[in-house]
1. If we keep just the residues of segment 138-160 that are within 16 Å of Tyr79 (Cβ to Cβ) and not in a helix (DSSP H, G or I), which is modelled with the lowest pLDDT?
2. Would you check if there is a residue in segment 139-160 being touching a Phe, Trp or Tyr at 6+ places or on another chain (Cβ under 9 Å), free of Cβ contacts under 8 Å to residues at least 24 places away in the same chain, under 19 Å from Ile46 (Cα atoms) and surrounded by 12 or more Cβ atoms within 10 Å (Cβ to Cβ)?
3. Would you check if there is a residue in segment 9-30 being open to solvent by 70 Å² or more (accessible area, probe 1.4 Å), of a type in the set (Val, Ile, Thr), at pLDDT below 50 and assigned to a helix (DSSP H, G or I)?
4. Looking only at segment 63-86, decide whether some residue is open to solvent by less than 90 Å² (accessible area, probe 1.4 Å), more than 19 Å from Leu134 (Cβ to Cβ) and modelled with pLDDT under 95.
5. Please give the number of the condition Gly57 fails out of (1) assigned to a helix (DSSP H, G or I); (2) more than 30 Å from Pro101 (Cβ to Cβ); (3) at pLDDT 70 or above.
6. Count, please, the residues in segment 44-57 that happen to be open to solvent by less than 70 Å² (accessible area, probe 1.4 Å) and within 22 Å of His111 (Cβ to Cβ).
7. State whether one or more residues within segment 143-159 are in contact with a Lys or Arg (Cβ under 7 Å, 6 or more places away or on another chain) and among the aromatic types (Phe, Trp, Tyr).
Amino acid sequence: MRLLSVIVVSAMALLMAGCSASGGNPAASPSPLPPDPHTAAALLTIARSFNRDYDTGDYGPVYARWDARSQAIITRADYMKRHKDCPSGPQPLSQTESASPGGPHGAWLVHYEIGGQQLTDYWFYVHRRWVFDLPLSNPGAVKLYRMSPQQYVAALGCGH
């Protein structure tokens, strides 16, 4: 009986700690992002901004649009550090052309062009937000991001 009481009291203490931790100062919590419209026009606008941010080296907003599966591949800090330590050379800016449904597993397709090469990114509408799917869009980058930092630098040839 004493063991049961200890378990019950411990469980209650954990629950109360959890409630008080989540009931902290609401002003300290970041504001939820506004929902994205679930339209091709909205996705096209978001994808254009996403590609422009990537093209110009503003990687924070790019990572913020990744879906959970993509973010599980590399942390934001590691992603930012790799791009800082190993910047890509000058390349033509992308031209984001269209967005439409029809991809695998309900993905939306964003078609764009870089230097005459036609490319496609895969986006999903999740919890009222458009999110980018890295494994579908760029499996080669997934392989690179799974490498150690040293292997990544060697693979891209950007050693210091």
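The values are calculated or read from the model by the stated rules, or taken from the named source; none is laboratory data. Everything numeric here is computed off the predicted structure, so don't read it as measured data. Because the Cβ atoms are built from the backbone with ideal geometry, glycine has one as well, and the counts that use them run over all protein chains shown. The area values use the complete protein model at the heavy-atom level, side chains included, leaving out ligands, DNA and RNA. Shrake-Rupley method; radii C 1.70, N 1.55, O 1.52, S 1.80 Å.
1. Here the residue is Cys158.
2. Scanning segment 139-160, I find no residue that is touching a Phe, Trp or Tyr at 6+ places or on another chain (Cβ under 9 Å), free of Cβ contacts under 8 Å to residues at least 24 places away in the same chain, under 19 Å from Ile46 (Cα atoms) and surrounded by 12 or more Cβ atoms within 10 Å (Cβ to Cβ), so the answer is no.
3. The answer is yes; a qualifying residue exists.
4. For segment 63-86, residues open to solvent by less than 90 Å² (accessible area, probe 1.4 Å), more than 19 Å from Leu134 (Cβ to Cβ) and modelled with pLDDT under 95: present.
5. (1)
6. So the answer is 8.
7. Among the residues of segment 143-159, at least one is in contact with a Lys or Arg (Cβ under 7 Å, 6 or more places away or on another chain) and among the aromatic types (Phe, Trp, Tyr), which makes the answer yes.
Residue-by-condition table, conditions (1) farther than 18 Å from Pro61 by Cβ; (2) open to solvent by less than 20 Å² (accessible area, probe 1.4 Å); (3) at pLDDT below 95; (4) of a type outside the set (A, V, I, L, M):
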site: Gln95; (1), (2), (3), (4): yes, no, no, yes
site: Pro101; (1), (2), (3), (4): yes, no, no, yes
site: Tyr112; (1), (2), (3), (4): no, no, no, yes
site: Gln118; (1), (2), (3), (4): yes, no, no, yes
site: Trp130; (1), (2), (3), (4): no, yes, no, yes
site: Leu136; (1), (2), (3), (4): yes, no, no, no
